[in-house]
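One structure is given below, encoded as structure tokens.
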Amino acid sequence: MSVSVELNHLIVPSRDNRESAEFLARLLGLETGEEWGPFIPVHVGNGVRLDFATVPDGDRRLQHYCFLIPEADFDAFFARLEETGVTYHADPQGQRRHEINHNHGGRGVYFLDPGGNGMEVITQPYEPELKRPERW
């Protein structure tokens, strides 16, 4: 049996839904959508929507979100990241502070958003057998 399944949206827990949505949208060169209910949406290129929701401190747990961007867009993204003053790392353990990595033949970086979520931006997927989308 063949089933077509696509990820449609994720709820991203935040201290402040607008602050976190606008932070990520600005870094990735995206826009926030209109607030609806408790959510501030950010649409990414593959049709997935991130719905940022304000969640009380005690109810939030560390989440991790990884974004794949074209190599040609990394310098502009990275300049915006540095402008924020957010601490970034080359590794998920935070040992290589203020460095980027060159894993899998690309570039990548880890940082926290204002809501405390772990964010990662990479230019090459981890799985060598996966090919980049043809639009790149």
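Miscellaneous remarks
- Pairs meeting the criteria (first residue in the range 64-76 and under 14 Å from N46 (Cα atoms) and without any contact (Cβ under 8 Å) to a residue 12 or more places away in the chain, second residue outside any strand (DSSP E or B) and open to solvent by 30 Å² or more (accessible area, probe 1.4 Å), beta carbons under 7 Å, at least 6 apart or on different chains) are lacking.
- Selection of first residues in the range 40-58 that are at negative phi and touching a residue at least 24 places away in the same chain (Cβ under 8 Å) and of second residues that are acidic (D, E) and open to solvent by 50 Å² or more (accessible area, probe 1.4 Å), restricted to Cβ pairs under 7 Å at least 6 apart or on distinct chains, gives the following pairs, ordered by first then second residue: T54/D16.
- Candidate set: the range 46-92, residues that are modelled with pLDDT under 95 and within 16 Å of Y110 (Cβ to Cβ); chosen: the one most open to solvent (accessible area, probe 1.4 Å): L62
- Subset of the range 1-10 [farther than 11 Å from V48 by Cα and either of a type in the set (S, T, N, Q) or touching a residue at least 40 places away in the same chain (Cβ under 8 Å) (or both)]: S2, S4
- Residue check for E22: assigned to a helix (DSSP H, G or I), on the phi < 0 side of the Ramachandran plot and acidic (D, E): yes
- The set of residues in the range 24-45 that are in contact with a Phe, Trp or Tyr (Cβ under 9 Å, 6 or more places away or on another chain) and either of a type in the set (S, T, N, Q) or at pLDDT below 95 (or both) contains only T32.
- Note on the range 95-122: residues that are under 17 Å from the mean Cα position of the chain (by Cα) and within 29 Å of D16 (Cβ to Cβ) total 16.
The values are calculated or read from the model by the stated rules, or taken from the named source; none is laboratory data. Since the structure is predicted, the reported quantities are computational estimates derived from the model, not experimental observations. Virtual Cβ from ideal backbone geometry, glycine too; neighbours counted across all protein chains shown. Accessible surface areas use protein heavy atoms only, side chains included; no ligands, DNA or RNA. Shrake-Rupley method; radii C 1.70, N 1.55, O 1.52, S 1.80 Å.
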